[in-house]
Each structure stands twice: as C-alpha cells, then as structure tokens.
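A short worksheet on the structure shown next.
Only the coordinates and a few stated rules stand behind these numbers; no lab work does. Quick caveat: nothing in here was measured; it's all calculated off a predicted structure. When we count neighbours, we look across all protein chains shown, and the Cβ atoms used for this are built from the backbone with ideal geometry, even at glycine.
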Amino acid sequence: MERTLIIFKPDAVQRGLCGRILSRFEQKGLQVVGLKLMQIHRALAEKHYESHKGKGFYDGLLNFMTSSPVVVLALEGKDAIAIARKMMGATFGSKAEPGTIRGDFGVSNSFNLIHGSDSPEAATRELGLFFKEGELVDWKPANQGWVYDLSKGQPE
Ligand code: IDP
Ligand code: MG
C-alpha cells in the first residue's frame, strides 16, 4: 500500500468543492488516513514547492497557496500516487480532460484546485511536511475485502 499527500488548494475550499472532490477519492476506493483544514504559512509553502524556486510562476504560486485555507489529506491505496494524479488530470483546467478533477471543476491557467504528490519520494517528503507524527491514522475499512481482492493475501 502507498500513501500520497493531496492538498485541496484555496480555490477548491473557497468554491465549496472539497466535499465533491473528496467523494471522488472515496468512491474510487482510496482510503483517507489523514485530513485537516489549515492555513499554509510562507515557510511551509516555500519548502513544499522548493523544486519550482526561480520559475516565473513561483512567487504567484506561494501567494496563492498561502492566501486562504487549504484542506490537506493523506490517501492510502495500492498505487495511490499514480491513481490520484490520474484522477487530478493535467496541470490546468483549460487542458485537463473531462472526467478528471481539474478537467471537470476548473478553467484557469493558474488556479488548479488540487495538489498530489508525483512520486514515492515526493509523497514521503510532503507527508512529513504537512502531518506530524500521530496525525496519520492506521485503520482498516470494513469494506476493504470488497474494494480489493485479498484472496491471495495481497490486495489485487
Ligand atoms: P502539477 O501540480 O500538475 O504537478 P507542476 O508543474 O509540478 O504541476 O507545478 C506545480 C504547481 O505550480 C501547479 O500545480 C500550479 O499550481 C503551479 N504552476 C505551474 N505552472 C504554472 C504556471 O505557468 N502559472 C501559474 N502557476 C503554475
Ligand atoms: Mg508537480
């Protein structure tokens, strides 16, 4: 099982889309193991997006991400990182395919509703930035044996 960090960005919170976006992940079968509303402070935004430092959009991105509360989530599942990225769609709503979160809920070339870790290394790093030890909860969903085929001992 893999864990990924998801952020419902300020535009998703302000537009009242958190419930609908979360429902998509729940319906898919990804399990919520961490969830909170928070305001991202500048230093945390800088750390989170440090690989983009120096790019033209970097300052605007930091302003956007710190401008209003966000919801951060840790999602767990087999291949959760790639599955969540696929569900998010291409970076901007103007290009993202219909059926994806960005494709269905946005049109902007700047505000794009959601962040998702893009690799196992990024997920580990980002989960560590946004969740303290003890904030992630290990639990077994009652329907796990119907979300996955567990007959061989591994989720399939
Ligand atoms: P991703 O979120 O789809 O992985 P990245 O290219 O890694 O996209 O960029 C990180 C974030 O930086 C994007 O989600 C978006 O919020 C912002 N961003 C990227 N490119 C631009 C741009 O050209 N204008 C404004 N914001 C941008
Ligand atoms: Mg990225």
- Message: Considering only region 85-92, I want to know if a residue exists there that is within 17 Å of the chain's Cα centre (by Cα) and under 14 Å from Glu2 (Cα atoms).
- Response: yes
- Query: Name the residues in region 63-81 that are within 15 Å of ligand 2 (Cβ to nearest atom) and over 24 Å from Glu135 (Cβ atoms), would you?
  - Reply: Phe64
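Pull up region 99-119, narrow it to residues that are among the β-branched types (Val, Ile, Thr) and surrounded by fewer than 23 Cβ atoms within 10 Å (Cβ to Cβ), then point me to the one that is farthest from ligand 2 (Cβ to nearest atom). Please lay out each step first, then the result.
First pass over region 99-119, keeping only residues among the β-branched types (Val, Ile, Thr): 100-101, 107, 114.
With surrounded by fewer than 23 Cβ atoms within 10 Å (Cβ to Cβ) added as a condition, the list becomes 100, 107.
On the way: Thr100: 15, Val107: 20 Å.
That would be Val107.
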- Message: What's the total number of residues in region 12-59 that are touching a strand residue (DSSP E or B) at 6+ places or on another chain (Cβ under 7 Å), within 24 Å of Pro98 (Cα to Cα) and in a loop (DSSP other than H, G, I, E, B)?
- Response: 2
- Item | Sole residue being more than 23 Å from Gly34 (Cα to Cα) and surrounded by 15 or more Cβ atoms within 10 Å (Cβ to Cβ), chosen from Ala80, Ala90, Ala96, Ala84 | Ala96
